[in-house]
């Protein structure tokens, strides 16, 4: 399941957009604009 993060005032480090998405299964947070991965869940 993929969810749009709301209420967070962070932006993508690559393109500057604020449409950040989190993947609940993998724990990754990535930009909905350019696909840049901002955070990965390390196991």
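Treat the count of other C-beta atoms within 10 Å as a stand-in for reagent exposure and order 30, 36 from fewest to most.
With the sparsest Cβ surroundings first, the list reads 36, 30.
For residue 24 and residue 39, calculate 0.36 nm times their separation in residues minus their Cα-Cα distance, and state this gained length in nm to one decimal.
Values: separation 15, 0.36 × 15 = 5.40 nm, distance 1.24 nm.
Gain on extension, residue 24 to residue 39, equals 4.2 nm.
Read the figures in this text as sums done on the coordinates, not as results from a lab. Bear in mind the structure is a predicted one, so any value in this text is a computation, not a measurement. Cβ coordinates were reconstructed from backbone atoms using ideal geometry, including for glycine residues, and neighbour counts include every protein chain displayed.
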